Amino acid sequence: MKEYLSDVSKVYSELKSGENGISSAEASARLEKNGANKLVEAKRDGIIKRFFKQLCDPMTLILLAAALISGIMAVYADESFADVIIILAVVIINAILGVFQESKAEKAIAALQEMTAATSKVIRDGVQIFVKTEDLVVGDVIVLEAGDAVPADARITFSSSMKVEEAALTGESVAVSKHSDVLEAENGKDVPLGDRKNMVYMGSTVVYGRGRAVVTATGMETEMGKIATALSSAIDGDTPLQKKLDQLSKILSFLVIGICVIIFGVNLLRDGTGKLLDTFMVAVSLAVAAIPEGLATVVTIVLSMGVTKMSKRNAVIRKLTAVETLGCAQIICSDKTGTLTQNKMTVVDYRGSDEKLLATAMALCSDAILNSEMNAEGEPTECALVNYAYKLGLHKGETEKTLPRVGEAPFDSMRKMMSTVHADGNAFIQFTKGAPDVVLSRCSTALVDGKEVPMTEEIKKQILAENKAMADKALRVLCAAKRSHSSKPASFEPEALETDLCYVGLTGMIDPVRPEVKDAIVECKSAGIRPIMITGDHKDTAVAIALELGIISSAAEAITGAELDEISDKDFESKIETFSVYARVQPEHKVRIVNAWRAKGKIAAMTGDGVNDAPSIKSADIGVGMGITGTDVTKNVADMVLADDNFATIVSAIEEGRRIYDNIRKAIQFLLSSNLSEVVAIFVATLMGFTILHPVHLLWINLITDCFPALSLGMEKADKDVMKQPPRDSNDGIFAGGMGVDIAIQGLVVALITLAAYFIGAGYSFSAAEELASKGTTMAFIALSSAEVFHSFNMRSRRQSIFTLKKQNAFLWGAGLLSLVCTVAVVFIPPLRSAFKFTAISLADFGIAMAIAFAIIPVVEITKFIQRKLKK
């Protein structure tokens with residue numbers, strides 16, 4: 001049943017209730033049957049379960065298998081457990097770092113519960129009582145007054161100038177006047193949520209007047225409950241980076257297994273079962289060599305550093321992997337109220353011959369007040385009028401001392417007017433404000449050039465033209481009039497007061513745009529990002545704001561929620577690029593819009609502050625909440641929260657996201673080329689019948705030598721034109737842009753350097769005696785470690801010569817030096833050298849290994865030069 005389309009008596013009948021409410025016994029029975037008026041909490045995984053989920057990654061499983069084999073070997077051969085301990089330490093650290101995903105849906109549900117009233121005024125058994133909000137049932141008659149939070153969805157049965165703030169639920173920036181009349185659906189279409197003026201909804205607040213309503217829905221059946229359901233059912237999709245790393249993980253896993261099987265088979269055929277343990281150790285070495293153990297850690301720490309940097313720029317990241325998603329954002333779906341605008345109705349235009357008299361009339365004919373901080377409190381429209389007067393030097397409180405109110409005719413949605421009468425010395429003055437057409441119809445005179453003249457058709461036509469001009473700019477226009485009384489009116493009834501008025505002027509107000517947003521929109525467009533406005537406000541208002549900001553160029557690019565309902569999902573997907581403004585939408589529309597863009601393969605962000613934004617924020621690739629005006633619900637499901645509520649902060653966050661992703665790719669290329677060099681070197685050495693490096697050597701290089709430079713690459717500054725480039729395609733593979741070729745070339749070069757160092761150290765032989773072989777291994781370790789440190793400098797730019805980069809990366813210099821010191825330490829400090837099974841070498845041999853390693857820089861420089869020429 002759609003209660004807003006039925007009269008009160010029918011609603012009472014359907015709900016088996018009445019003006020005196022239901023009985024306490026019936027309420028208990030309904031509570032038992034239908035459950036409490038609260039939102040159902042979602043279950044969440046515990047920390048232990050989340051930890052073990054992290055261990056299900058294919059690469060992690062291979063490392064665990066390698067640790068198991070190493071453990072068996074250590075027991076069987078009575079050797080050190082160093083390999084096992086190091087591998088397990090890596091796995092555990094990565095798993096702990098991986099458990100950072102917060103259970104946002106549960107926090108959102110809790111925040112939704114916080115928004116509901118603790119107790120409510122209810123009529124039961126014909127008597128008004130207070131009951132716990134969670135004990136409300138369908139059929140209860142609730143009593144509402146200014147300041148009350150609406151405890152459940154209800155059909156209004158009586159309203160006395162009641163206005164309800166629904167911005168958090170509908171996006172409507174102005175409090176809605178409520179009545180008890182039946183609504184009519186136009187052309188068989190349903191009435192949008194924001195237009196159901198005979199309904200009140202859980203989570204909204206009464207800001208003016210009073211009323212009664214019969215509860216029609218409680219708990220999860222309310223509109224708020226539907227939002228909670230959407231939050232629980234919305235699925236957190238993987239970010240582009242997560243997808244790329246998962247893809248990389250699978251590729252490397254198959255590669256490792258394949259190589260290990262081949263090597264194991266070759267060795268088995270060549271050596272038989274006599275060297276089975278040695279063959280297993282080779283397989284473990286290959287597994288360790290192929291898997292970039294530090295990759296997950298490096299990516300997580302680079303993202304964390306990015307998060308810290310972004311928080312200093314007022315973008316608080318709640319989900320690490322969401323940082324890079326900003327870098328490929330192609331669509332930003334933004335709520336209007338409070339995000340693009342200030343969520344503060346403001347008088348921006350006026351018409352009238354005496355502005356101070358107009359401001360006085362508007363301020364005094366309102367119930368808003370100025371607080372001690374000189375900010376207006378009350379109904380948003382009236383706050384705008386009181387603030388307007390204050391800006392003109394008219395303090396309402398001081399003005400009321402001079403012109404104290406002695407009577408009033410309160411605002412009524414039927415009259416669309418309000419009148420107040422004030423003592424003015426020995427006389428009395430009346431101010432009336434309301435809808436221009438209604439107030440004008442009661443005016444017999446007008447204030448023109450400071451003089452009161454008879455109202456003529458010509459004057460009225462001019463006033464109506466001025467009203468239309470302001471309304472066409474999506475301003476909310478109010479008219480003020482006055483009337484002088486020689487004595488206190490005998491009656492304050494509207495019929496007695498609101499006649500024979502003198503027109504004073506018009507004020508036009510709007511929720512103004514944030515001043516910094518216009519530039520942010522321009523920068524978004526230059527970066528290839530399309531801004532979309534989604535709002536619960538009226539179409540005319542949305543279009544005006546969108547035109548001012550440059551989001552659209554004509555009203556044809558705007559559509560309402562009702563019009564959207566007429567379009568099938570298939571047609572909408574084909575037409576979605578036509579629309580950039582969506583007005584009078586409901587929460588499910590927002591989710592549909594976000595999902596339609598995602599279905600087209602676009603990376604969509606959704607910003608907003610109200611409860612109504614929460615489901616779409618959760619459904620988007622990245623949800624952006626507002627830190628100041630945003631509800632807890634929205635902030636708890638958002639991936640990023642703007643601490644300053646500044647739309648422009650999103651742009652700087654996108655720039656940072658792009659920088660971070662570029663740097664992560666540099667780190668991945670660096671690590672994978674290093675791992676490839678290790679795989680090739682071990683593969684060749686195994687086929688030729690000698691051991692070049694042991695698992696512990698490879699783990700040291702992968703975790704110590706490589707990790708610090710890789711982390712430092714994450715600190716590289718963004719390219720100057722990073723925000724002049726279009727967003728990268730989220731479907732691009734991890735090796736897109738020639739990165740796969742680069743890894744192959746660079747990996748092969750480092751492998752040749754490593755083999756060359758071994759060959760020289762082993763006395764120019766690949767079948768040297770044990771002592772020379774140990775020296776070869778030592779020099780191969782030095783060359784491989786050093787080459788990777790030098791190669792990290794190559795990675796500062798994937799195509800530009802490192803000698804043309806003007807700014808230096810101090811972090812990389814420090815990391816490179818630290819890695820080289822660590823390499824020297826394990827080779828020259830006897831206890832460490834013994835633990836790593838190295839042999840002592842001369843400084844000359846060390847110098848030769850370092851010189852061979854340095855060759856990676858000129859080789860890559862020549863490669864980059866050729867690549868630049870080929871591109872031209």
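The values are calculated or read from the model by the stated rules, or taken from the named source; none is laboratory data. This structure is a prediction, so every number in the text was calculated from the model and none was measured. Cβ coordinates were reconstructed from backbone atoms using ideal geometry, including for glycine residues, and neighbour counts include every protein chain displayed. All accessible areas refer to the heavy atoms of the entire protein, side chains included, with ligands and DNA or RNA removed. Shrake-Rupley method; radii C 1.70, N 1.55, O 1.52, S 1.80 Å.
Values as computed for the structure displayed
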| quantity | calculated |
| --- | --- |
| Antiparallel DSSP beta bridges within the chain, percent to nearest 5 | 75 percent |
| Model label zone, A736; criterion: amide N under 19 Å from point 7 Å along Cα-to-beta-carbon; scope segment 313-336 | 321-332 |
| Pairs of alpha carbons in segment 290-388 whose separation is greater than 19 Å (percent) | 65 percent |
| FRET efficiency, 1/(1 + (r/R0)^6) with R0 22 Å, evaluated for D500 and V448 via beta carbons | 0.80 |
| In nm, spacing of pseudo-spin labels at M414 and E184 (7 Å Cα→C-beta vector) | 1.8 nm |
| Å² per residue, accessible surface of segment 619-741 at 1.4 Å | 29 Å² |
| The chain: equivalent-ellipsoid semi-axes (sqrt of 5 x gyration tensor eigenvalues, Cα, Å) | 71, 30, 21 |
| The chain: angle of helix 276-290 to the longest principal axis, Cα-based, in degrees nearest 10 | 40 degrees |
| Mean separation of Cα contacts under 8 Å (6+ apart) over length of segment 569-649, as relative contact order % | 22 percent |
| Longest segment of the chain lacking GluC sites (Glu not before Pro) that sit in a DSSP loop with at most 14 other Cβ atoms within 10 Å | 567-872 |
| Full-extension gain in nm, D354 to S441, via 0.36 nm per residue minus C-alpha separation | 29.2 nm |
| Listed residue (T649, L672, V522) projecting farthest to the positive dipole end of the chain, Cβ model | L672 |
| FRET efficiency for I802 and A851, using Cβ-Cβ distance with R0 set to 25 Å, rounded to 0.05 | 0.85 |
| Potential lengthening between R313 and A469 on full extension [0.36 nm per residue; Cα-Cα distance subtracted] | 52.1 nm |
| Charge dipole magnitude, Cβ of K and R +1, D and E -1 - the chain, Cα centre, debye nearest 20 | 2260 debye |
| Karplus-derived 3J(HN,Hα), 6.51/-1.76/1.60, for each residue of segment 323-333, Hz, glycine and proline x | 4, 6, 4, 4, x, 10, 5, 10, 10, 10, 8 |
| Estimated FRET transfer efficiency when R0 is 30 angstrom, pair M1-S554 (beta carbons, to 0.05) | 0.15 |
| In sequence order, calculated HN-Hα J values of segment 123-132 (Karplus, 6.51, -1.76, 1.60; Hz; x Gly/Pro) | 9, 10, 6, x, 10, 7, 9, 9, 10, 4 |
| Trypsin sites (Lys or Arg not before Pro) within segment 556-591, DSSP loop, no more than 14 other Cβ atoms inside 10 Å | none |
| Degrees separating the helix 295-311 axis from the principal Cα axis of the chain, which is the longest one | 30 degrees |
| Amide H within-cut-off set for S334, under 5 Å, with H built and near neighbours excluded | I532, M533, I534, T607 |
| 3J(HN,Hα) from dihedral phi, segment 440-453, Karplus parametrisation 6.51/-1.76/1.60, rounded to Hz, x for glycine, proline | 4, 5, 9, 8, 9, 9, 9, 8, 10, 6, x, 10, 8, 10 |
| Taking the chain and dividing mean pair separation by its residue count, relative contact order in percent (alpha carbons under 8 Å, at least six apart) | 13 percent |
| Between helix 223-233 and the chain: long-axis angle, C-alpha atoms, 0 to 90°, nearest 10 | 10 degrees |
| Rounded if a/c under 1.5, otherwise prolate or oblate - segment 749-842, Cα gyration tensor axes | oblate |
| Distance in nm between pseudo-label sites at I862 and I567 (7 Å out along the Cβ direction from Cα) | 5.8 nm |
| Fraction of accessible area attributable to carbon and sulfur, the chain (%, probe 1.4 Å) | 58 percent |
| Highest to lowest packing among 468-481, 722-735, scored as the average C-beta count within 10 Å | 468-481, 722-735 |
| C56 versus I85: modelled label distance in nm, points set 7 Å from Cα along the beta carbon direction | 3.2 nm |
